[in-house]
1. Let me confirm something: among LEU66, LEU78, LEU54, which residue is open to solvent by less than 50 Å² (accessible area, probe 1.4 Å), in contact (Cβ under 8 Å) with a residue 12 or more places away in the chain, in contact with a strand residue (DSSP E or B) (Cβ under 7 Å, 6 or more places away or on another chain) and within 21 Å of ARG151 (Cα to Cα)?
2. Hey, among the residues in the stretch 563-588 that are open to solvent by less than 30 Å² (accessible area, probe 1.4 Å) and over 21 Å from PRO626 (Cα atoms), which one's nearest to the chain's Cα centre (by Cα)?
3. For residues in the stretch 592-615 being without any contact (Cβ under 8 Å) to a residue 40 or more places away in the chain and not in a helix (DSSP H, G or I), which is surrounded by the most Cβ atoms within 10 Å (Cβ to Cβ)?
4. Anything in the stretch 291-319 that is out of contact with any helix residue (DSSP H, G or I) (no Cβ under 7 Å at 6 or more places or on another chain) and buried (at least 21 other Cβ atoms within 10 Å of the Cβ)? List them, or say none.
5. Inspect the stretch 230-251 for any residue being under 22 Å from the mean Cα position of the chain (by Cα) and buried (at least 19 other Cβ atoms within 10 Å of the Cβ) and give the result as yes or no.
6. Collect the residues in the stretch 346-400 that are surrounded by fewer than 23 Cβ atoms within 10 Å (Cβ to Cβ), aliphatic (A, V, I, L, M) and assigned to a loop (DSSP other than H, G, I, E, B), keeping them in residue-number order.
Amino acid sequence: MAPMRSKTILISEPQGATGELQFDNAKPYFPYMWAILKSYWERHGDESAGYEWLEPIWRNDAPNVLLDPYRGTEIGVLGLSCYTWNWEIQCELAREVKELNPDCLVVAGGPEPDYKDPEFFAKHPYIDAVAIKDGEITFREILVKAARGDRDFSGIGGLYLPGGEDGAMVFTGPPEVPNEFEHSPYLDQAAYYDRLVAEHGSDAFEVIMETNRGCPYGCSFCDWGSNTNSKVRRFGMERVAAEIDWLGHLRIESVMLADANFGILPRDLEIADKFNEARDDHEGYPKYIFYSAAKNNPDRAIEIAMKFAKSGICTVHSLSVQHTNKEVLAATARKNISADKQVQVVKHMMDAHVPVEVQLIQGIPGDTYDMWKGCLADLMEWGIHEDYLIQAYRLLPNAPAGERAFLEEWQVETIDRITYDLTTREIDETRRDVFRKPERILASTKSYTREDWVRTSAYSAFIKALHNSSATQRVATYLRLTHGVPYRDFYESLLEDPAVRTPLLREWQVKVLDHYQYFLTHDDASDHIRVDELPSLAYTLHPSRWLYIQVCLHLERFYEELKDSLLKRYPEVANLASVIDYQRDIVIMPDYDRETGKVIATEFDWPAYFEQARVRDGSQPLLDEPAPMDGAVFQAVDRVSGERPTVRDGVRIGGFYGEPLEWGAGDAGERWATWVQRVAIGRSSAGMHNHKEFKVLRPQP
């Protein structure tokens, strides 16, 4: 066979945001897959092949814009690193490249190409092969054969190819994957990254980093780089240490650690120390790290979290719980991950003032509306009141849940919708489909109906708005810890009992239920709501944020109705009116002046009471009533939103500071818009939305 006409290689991995469009992840990552493939070829490939590696595509923009730098260049091989957020762009890129370069070899990898679909290549004729799992060795073997003009890749493992009988695709068998990772692709290609930083600045990028590959778990919803249910393969420590030091030297702000379970290996403690040492050596860089903590190693998870909290590189601890019900976890092949062990971590984090956020999946097959309410109540009973990061169950094409047997067993029905993070700017609807791929969301299974999905989504939004964001959290906590009222009973009464639910809550429930019903039944629906009362607001908001803003827009009426309703529901609770007033008074509002503070009058020492309550759960003896203070006056003196750290033995532990609590000198609409940005759309937590720093003034006469 004749050799390739062009030996240029273009790797495309668009992500982040550039140009006019605003995406959920505004900063792109360093192009990492390009470095992995290029470095592996340079170390293990055939130098005589004479390939030229073009600079990679890493921006997120219209395909014609992304291809402009390569006009006039004949592309021999196009490699696509495909994820949910860039699949549509990658397909457009491949189609255009193929039209301009008919002989170009297009290879797609990553978790998004649906190679289980027998019609995949008929739907995507511009793609010549799909590579699964680790791609280094597979891509090298493709390049070796292609350089000789040989396009018969059937002898290379880890590929799906067209050309089977009756149009079926061909699977070439398990791939060969690397087991040694001694050399760093980043350091091998450091000159390129130096040029990127020199041109755009180090703060323009985030960085993905690995210290191992593989995940021993097989959760049905997950496709962790196609490496679930696999052996954990560790990278060389010298490589890991060198990369961390390099990131600090480049003054990279944020690192996304791509390990599926950081803390699963004993040496991860040493790696955590390396990150902290880099901050000491490089004036605080990297500034932040985001990671997925090990699920079944609580002692190590605690030690790592504390190391990061003390240094300030990660001041919020994330728990990947997904659900608290063992039957639901078993149904999604997650029963071998212990929720009880994660609760051990929570207790320690709470004691150290380290905020905890919980990752949950709503709509797991096997779940019900009743079980989901129980899950949220369990978290409260365990003492977890911070942000519940609730995601709808998304069907990834190559996860175990995408198998036909799983779909048939659970009688799964799905909808395809474009979804966003908690906030997003309005984007040009005519261009939306090019830049965002609709996600496949479970709308019903044999354990819940579409109507259940709507009710569950609305209930989640109210819990996030009322409890996580602390519009009623203090009230619920007092009733639970001093009067034994279960959290579930409190919120079920408030949201479902006609005798307790207030007129405003009824009105908002209708709005949110209608919103989710429309989202469920209309293909072009957005999962966000516009705040009509704030026409100058440039955002549409997740229903939970919309609800919280409604509480604040109608603050006095909301708490008057709440007090009237709850005093009738719990007439025996003597200090209920006082705690409702306190909860109202500590909500941070756009009329707050941080230079003068805010005076709060109360008959009880509620700040001390809730500091005691912060480290307690529902299994402990009831708390005494708050200490009477005979008409004391507190002054809120917060200057920024966020969590307050604690200091032990001179070491600052936990906590984080957010945006300054100042709104500018504009009109009321502008002040509200600034307040939304700095308070309402941050983390759902009492520390973000409630006053937290108080001075005790003299008691009133």
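1. Working: LEU66 fails: within 21 Å of ARG151 (Cα to Cα); LEU54 fails: within 21 Å of ARG151 (Cα to Cα).
Only one candidate qualifies: LEU78.
2. The qualifying residue nearest to the chain's Cα centre (by Cα) is ILE588.
3. At the first step, the residues of the stretch 592-615 found to be without any contact (Cβ under 8 Å) to a residue 40 or more places away in the chain are 593, 595-596, 602-605, 608, 611-612.
Retained after the next criterion (residues that are not in a helix (DSSP H, G or I)): 593, 595-596, 602-605.
Details: ASP593: 10, GLU595: 7, THR596: 9, THR602: 20, GLU603: 18, PHE604: 18, ASP605: 16.
So the residue we want is THR602.
4. So the first thing to find is which residues in the stretch 291-319 are out of contact with any helix residue (DSSP H, G or I) (no Cβ under 7 Å at 6 or more places or on another chain), and the list is 291-292, 297, 299, 306, 309-310, 312, 316, 318.
TYR291, ALA309, VAL316, listed by residue number.
5. Kept after step one, since they are under 22 Å from the mean Cα position of the chain (by Cα), are these residues of the stretch 230-251: none.
No, the conditions are met nowhere in the stretch 230-251.
6. Of everything in the stretch 346-400, those that are surrounded by fewer than 23 Cβ atoms within 10 Å (Cβ to Cβ), aliphatic (A, V, I, L, M) and assigned to a loop (DSSP other than H, G, I, E, B) turn out to be ALA352, LEU395, LEU396, ALA399.
Residue-by-condition table, conditions (1) part of a loop (DSSP other than H, G, I, E, B); (2) touching a Phe, Trp or Tyr at 6+ places or on another chain (Cβ under 9 Å); (3) open to solvent by 30 Å² or more (accessible area, probe 1.4 Å):
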position: GLU88; (1), (2), (3): no, yes, yes
position: VAL97; (1), (2), (3): no, yes, no
position: VAL106; (1), (2), (3): no, yes, no
position: ASP114; (1), (2), (3): yes, yes, yes
position: PRO118; (1), (2), (3): yes, no, yes
position: ALA122; (1), (2), (3): no, no, yes
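Matching residues to (1) touching a residue at least 12 places away in the same chain (Cβ under 8 Å); (2) within 20 Å of THR368 (Cα to Cα); (3) under 27 Å from the mean Cα position of the chain (by Cα); (4) crowded, with 18+ Cβ neighbours inside 10 Å:
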residue	(1), (2), (3), (4)
GLU451	no, yes, yes, no
THR456	yes, yes, yes, yes
TYR478	yes, no, no, yes
THR482	yes, no, no, yes
ASP489	no, yes, no, no
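The values are calculated or read from the model by the stated rules, or taken from the named source; none is laboratory data. All values reported here derive from a predicted model rather than from experimental measurement. Methodologically, a virtual Cβ is constructed for each residue, glycine included, from the backbone with ideal geometry; neighbour enumeration extends over all protein chains shown. When the accessible area is computed, the model is the full protein with side chains, heavy atoms only, and any ligands, DNA or RNA have been set aside. Shrake-Rupley method; radii C 1.70, N 1.55, O 1.52, S 1.80 Å.
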